[in-house]
Every structure is written in structure tokens, then in C-alpha cells.
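Beneath this line is the structure, given in C-alpha cells, with notes to follow.
Coordinate-derived values only; no laboratory data. These numbers were taken from a predicted model, which means no experiment stands behind them. Cβ placement follows ideal geometry from the backbone for every residue including glycine, while neighbour counts extend to all protein chains displayed.
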Amino acid sequence: MARPGDKAVEYVKNIDAMAWPELRTLWNAIKTGSLDNWEEGKAFEHLVIRGFALSDLDVEYPYDVPAGGNPLEQIDGLVVLGCNFFLVECKDKEKVAVEPIAKLRNQLLRRPETTFGCVFVSGEFTSAALIIADFSVPHRILLWSGYEVEECITRKDFKRMLQDKYRHLCKYGLTDHSSYYKELEVPA
């Protein structure tokens with residue numbers, strides 16, 4: 001792993017000092033676009049990873065993967081749930097197309113088959129992105145929209161939703177954003 005720069009160290013120091021109330025404030029600033037002292041997209045990346053850390057999961061904040069001293073890829077974070085590892089890709093945009101899903105899929109191809117991924121967006125995915133995600137097999141990527149980030153912050157728990165998304169992916173072979181997913185759920 002490449003040695004993090006001064007700005008990256010500062011981001012981690014700042015986010016690690018935040019508890020749930022400060023995370024709520026940061027999320028509100030992300031939604032309104034009123035961020036200070038954060039490069040574009042960095043606040044959202046760090047908020048997501050900090051949410052998992054506050055949910056008692058092992059995490060790695062954003063890092064570069066070097067190739068001969070030069071960054072080959074930038075990973076927005078890593079989350080460990082039991083013996084499952086999840087690479088994280090974040091996009092702080094209103095509408096997100098397929099590109100981050102495709103990028104993460106390629107990153108997963110370079111890792112053990114047991115590694116999964118999570119794509120977080122502060123807004124929502126386009127319908128085309130959701131269709132392509134349904135047909136990208138094997139399914140190893142979980143999709144998270146802004147309303148789910150909001151729910152996790154409100155509940156003060158990112159772990160539970162990660163467990164639910166992973167269980168549903170294993171059970172149905174579809175992401176929970178799939179248009180077919182709701183047809184599979186049977187009321188209890």
C-alpha cells in the first residue's frame with residue numbers, strides 16, 4: 001500500500017473524531033453541497049467508511065494500490081464483515097450510471113473470488129445501471145443509494161443493512177435494487 005499523503009492523513013484524523021451526530025451533520029452538508037475542507041467526493045467516501053467503523057466493523061479508509069511506485073488504482077475503502085471482505089466505491093452524485101459498477105467489477109476480478117464490493121451513491125442509480133447490474137454475473141456487488149445511507153445514519157448502524165444486502169444477494173442471486181427483487185419478497 002502506498003504511503004498516504006498529508007491530506008489523506010488529515011481526512012482520516014478528522015473523520016475518526018466523528019461520532020453519529022457529527023456524521024449526521026456531515027451527511028447533511030454532503031446532501032446540500034455545503035462542504036468545507038474536503039476535496040470533491042472525499043467527504044462521502046470517508047463518511048461511508050466511518051459509518052461502518054462506528055457499526056463495529058473493521059475498515060480501511062481510502063487507499064492507493066501502487067504498481068512500481070505509481071498508483072494503479074484507488075480504492076475508496078474496505079469493510080470486513082466476519083470473514084467477508086467488501087471493496088467500497090463511492091460516488092457523490094445525484095444520478096450515477098454504470099461506470100462505478102464496471103470499475104469495481106474489474107477491481108474484483110483482480111482479487112480472490114470471495115471478495116465482494118459495495119457501490120455507494122449519494123443520489124441514485126440510473127435505470128440502465130440497475131439493469132446492467134442485474135446481468136453482471138456472478139453477482140458480487142451490492143448497491144447502496146442515498147436513501148439507504150440516510151437510513152443507516154438514522155439507525156446508527158451500517159452493519160445490519162450490509163448483512164441484509166449480503167443475505168438477499170446469496171438467497172436470490174439479485175441485488176436488492178433489482179426490479180425483480182420486490183416480486184420475490186413474500187410478506188411475513
For this session: For Asn28 and Phe135, compute 0.36 nm times the residue count separating them, minus their Cα-Cα distance, and round to one decimal in nm.
Result: 35.1 nm
Exercise. On full extension of the chain, what length is gained from Val80 through Tyr147, given 0.36 nm per residue of separation minus the C-alpha to C-alpha distance?
Worked result: 21.9 nm
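At a 10 angstrom cut-off on C-beta neighbours, averaged per residue, how do the peptides 139-151, 160-172 rank from highest to lowest?
Numbers: 139-151: 19.2, 160-172: 15.4.
The most tightly packed comes first, giving 139-151, 160-172.
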For this session: Compute the normalised compactness of the chain: alpha-carbon radius of gyration over 2.2 N^0.38 Å, N being the residue count.
Result: 1.00
Exercise. Where does each of 121-127, 105-111 land if you order them by average Cβ count within 10 Å, highest first?
Worked result: 121-127, 105-111
Exercise. Stretch Tyr172-Ala102 to full length: gain in nm at 0.36 nm per residue minus the Cα-Cα span?
Worked result: 23.1 nm
For this session: May I ask you to evaluate 6.51 cos²θ - 1.76 cosθ + 1.60, the Karplus curve with θ = phi - 60°, for each residue of the stretch 28-41 and list the ³J(HN,Hα) values in order in whole Hz, giving x for glycine and proline?
Result: 4, 5, 5, 5, 8, x, 10, 8, 10, 6, 10, 5, 3, x
Exercise. What FRET efficiency would be calculated for the residue pair Asp6, Arg111, taking the C-beta separation as r and a Förster radius of 35 Å, to the nearest 0.05?
Worked result: 0.75
Exercise. Considering only DSSP beta bridges with both partners in the chain, what is the antiparallel share in %, to the nearest 5?
Worked result: 50
Seminar exercise, completed: Farthest towards the positive end of the dipole of the chain, among Pro21, Ala53, Thr175 and with Cβ unit charges of +1 on Lys and Arg and -1 on Asp and Glu, lies the Cα of Thr175
Exercise. Ranked highest first by average number of other Cβ atoms within 10 Å, how do 88-96, 57-65 line up?
Worked result: 88-96, 57-65
For this session: Provide, for the chain, the number of lysine pairs with alpha carbons under 18 Å apart, each pair being eight or more places apart or on different chains.
Result: 17
